[in-house]
Amino acid sequence: MVFSIITCTWNSEPYLKECIDSVLAQDYPHIEWIFVDGGSTDGTLERIRALPRPYTLLENVRGGISNAMNAGLKAATGDVIMHLHSDDYLFGKDVLTRVAALFRLSGRQWLFGRTLTLVDEELIADRYVAPRFTYANLLRGNFIPHPATFVRRDFMLETGGFDTDLKYAMDYDMWLKLGRVAAPLQLNEPLAVFREHQGSLSTRERRAALEEDFRVRLKHAGSNVLERALHYARHMVRRHRVMRKEQA
């Protein structure tokens, strides 16, 4: 089993070293690494080119993160896709070994685990208890962290890739498309570290991300009036919480 790790970069030099080190430290040998760069000018490309292992570098890929992830997916030839963004990293040297074994044993098309969050260089455990996967639970809210998600390449390609009209919720949209076809294997242990900083989209533009997330949810929710009303009520509660945090 070959893992295709897709890392999207754009002026990512301050954080890229930890991402690279975490992949180089893996004890699993079968890795295809694809970097998709949006036109970096800060030393990112030089750091990638200094890698002591084979890699593929796609340069000057414009059009947003969804387009970049699709470009990486199109270039990938491995069995399993993982999108590991340049400011995130794998948690432990045996992540890919464990994931490969789980794919073989379970026969599933995709799986996900949990993440730790890095804030001001401090690792914070995930205090959120994710519900067990059902499609109904996923429609209520996204609890699948993209740095800890692995999908068989052929299965992901069947979805048509990431929606390039989405700026924030493209991963949630992808999970809903995959989940409608096949349930993932769900793990409780952390597989990756998500770095939270002011430069990340999800941190910088929380309200816009929340609104797009809601539009994606409604797109997949169906036409049942009561169900859509419940989604709207939950969205208003979440929106109120975000606004209170902004005011604080």
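The values are calculated or read from the model by the stated rules, or taken from the named source; none is laboratory data. Quick caveat, the model's predicted, so the values are computed rather than measured. Methodologically, a virtual Cβ is constructed for each residue, glycine included, from the backbone with ideal geometry; neighbour enumeration extends over all protein chains shown. Please note that ligands, DNA and RNA were not included when accessible areas were found on the heavy atoms of the full protein model with its side chains. Shrake-Rupley method; radii C 1.70, N 1.55, O 1.52, S 1.80 Å.
For this structure, a couple of remarks:
- Screening Arg239, Arg244, Arg180 for residues that are open to solvent by 40 Å² or more (accessible area, probe 1.4 Å) and at pLDDT 95 or above leaves exactly one candidate, Arg180.
- Whichever residue in the range 1-38 is of a type in the set (A, V, I, L, M) and open to solvent by 40 Å² or more (accessible area, probe 1.4 Å) and, among such residues, is farthest from Tyr89 (Cα to Cα): Met1
- Of residues in the range 39-69 being modelled with pLDDT of 95 or more and in contact with a Ser or Thr (Cβ under 7 Å, 6 or more places away or on another chain), the one most open to solvent (accessible area, probe 1.4 Å): Asn67
- Cβ separations smaller than 8 Å between residues 6+ apart or across chains give the following pairs from the range 36-61 residues that are without any contact (Cβ under 8 Å) to a residue 40 or more places away in the chain and of a type in the set (Ser, Thr, Tyr) to residues that are surrounded by 15 or more Cβ atoms within 10 Å (Cβ to Cβ) and part of a loop (DSSP other than H, G, I, E, B): Ser40/Trp10; Ser40/Asn11; Ser40/Ser12; Thr41/Asn11.
- Candidate set: the range 1-43, residues that are of a type in the set (S, T, N, Q) and within 20 Å of Ala192 (Cβ to Cβ); chosen: the one nearest to the chain's Cα centre (by Cα): Thr7
- The residue that is surrounded by the most Cβ atoms within 10 Å (Cβ to Cβ), among those in the range 78-100 that are charged (D, E, K, R) and over 11 Å from Ser4 (Cβ atoms), is Asp88.
- Annotation note: of Leu210, Leu226, Leu178, Leu157, the sole residue that is without any contact (Cβ under 8 Å) to a residue 12 or more places away in the chain and either out of contact with any Cys (no Cβ under 9 Å at 6 or more places or on another chain) or not hydroxyl-bearing (Ser, Thr, Tyr) (or both) is Leu226.
- Test: Asp165 is within 18 Å of Asp213 (Cβ to Cβ), open to solvent by 70 Å² or more (accessible area, probe 1.4 Å) and either in contact (Cβ under 8 Å) with a residue 24 or more places away in the chain or not aromatic (Phe, Trp, Tyr) (or both): yes
- Top-ranked residue of the range 123-162 - restricted to ones that are under 30 Å from Trp33 (Cα atoms) and of a type in the set (Phe, Trp, Tyr), ranked as most open to solvent (accessible area, probe 1.4 Å): Phe133
- Condition check for Glu211: over 17 Å from Cys8 (Cα atoms), open to solvent by 40 Å² or more (accessible area, probe 1.4 Å) and assigned to a strand (DSSP E or B): no
- Given (1) touching a Ser or Thr at 6+ places or on another chain (Cβ under 9 Å); (2) surrounded by fewer than 21 Cβ atoms within 10 Å (Cβ to Cβ), index of the condition Gly72 fails: (2)
- A Cβ distance below 8 Å, combined with a sequence gap of six or more or placement on separate chains, defines the contacts here; from the range 91-109, residues that are farther than 14 Å from Gln186 by Cα reach residues that are surrounded by 15 or more Cβ atoms within 10 Å (Cβ to Cβ) and among the polar types (S, T, N, Q) in the pairs Phe91/Ser22; Phe91/Thr115; Lys93/Gln26; Asp94/Gln26; Val95/Gln26; Leu96/Gln26; Thr97/Gln26.
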